Amino acid sequence: GIQVEQSPPDLILQEGANSTLRCNFSDSVNNLQWFHQNPWGQLINLFYIPSGTKQNGRLSATTVATERYSLLYISSSQTTDSGVYFCAVKDRDDKIIFGKGTRLHILP
Amino acid sequence: EPEVTQTPSHQVTQMGQEVILRCVPISNHLYFYWYRQILGQKVEFLVSFYNNEISEKSEIFDDQFSVERPDGSNFTLKIRSTKLEDSAMYFCASSEKRGSYNEQFFGPGTRLTVL
């Protein structure tokens, strides 16, 4: 099945810093999503981005499907950005396959 | 913007008890899913549901689990006799259509704690 690898596994940054999270996937996909899991465990939909670039406030994402990777950019980090960021792709059986996530700690 | 909602946000139960986790998918969506995340692990697929039938289920989804769409708005996951290892976050998702090009919209999750 499709493998989803995220890097780095952990990231500690000072408030105000910028960050780039990477997601590599092992097979061509037509469906890629980014999620934020907050410290209470809730999952928040960030982007549906099978290709191209999208922006939402301080967050943006780029997927290069032909090269099988996606990047999530967070600018001017705030402490509320802390949590785990998941990349997920859809397999041929309509199941979403999640990566292990990048745990982000933003220090005040 | 329409969203998937889940209740309760946190459920605590005793081992052996039955629990029902509830989800309200986005209103025009026809495909429904449950996923599970054991603490510190990846989010894993449990089951997909369409037209009042299970479309696909994972190995995790054994006879202790069942899903139902009891009315036009709710989608439920029932665990008949909970075990300690059922403690996890449970996420509901829905999509308008099936297939690669369609986004699955996830709810915020229900944290199930089995004591």
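The values are calculated or read from the model by the stated rules, or taken from the named source; none is laboratory data. From a predicted model like this one, the values you see are computed outputs, not experimental measurements. Ideal geometry is used to build each Cβ from the backbone, glycine not excepted, and the neighbour counts take in all protein chains shown. Areas reflect the complete protein model, heavy atoms only, side chains present, ligands, DNA and RNA absent. Shrake-Rupley method; radii C 1.70, N 1.55, O 1.52, S 1.80 Å.
Would you confirm whether or not segment B:92-99 contains a residue that is of a type outside the set (A, V, I, L, M), open to solvent by 20 Å² or more (accessible area, probe 1.4 Å) and more than 11 Å from every other protein chain (Cβ to nearest Cβ)? Looking for residues that are of a type outside the set (A, V, I, L, M), open to solvent by 20 Å² or more (accessible area, probe 1.4 Å) and more than 11 Å from every other protein chain (Cβ to nearest Cβ), one finds at least one in segment B:92-99, hence yes. Of everything listed in (1) within 23 Å of residue B:35 (Cβ to Cβ); (2) small (Gly, Ala, Ser); (3) more than 11 Å from the chain's Cα centre (by Cα), the single unmet condition for residue A:17 is (1). Output yes when any residue across segment A:89-100 is modelled with pLDDT of 95 or more, of a type outside the set (Phe, Trp, Tyr), within 13 Å of the chain's Cα centre (by Cα) and not in a loop (DSSP other than H, G, I, E, B), and no when none is. Looking for residues that are modelled with pLDDT of 95 or more, of a type outside the set (Phe, Trp, Tyr), within 13 Å of the chain's Cα centre (by Cα) and not in a loop (DSSP other than H, G, I, E, B), one finds none in segment A:89-100, hence no. Looking across segment B:81-115 at every residue that is aliphatic (A, V, I, L, M) and assigned to a strand (DSSP E or B), the one that is nearest to residue B:20 (Cα to Cα) is identified as B:112.
Kindly indicate whether residue B:1 is touching a Phe, Trp or Tyr at 6+ places or on another chain (Cβ under 9 Å) and of a type in the set (Asp, Glu). Answer is no for this residue.
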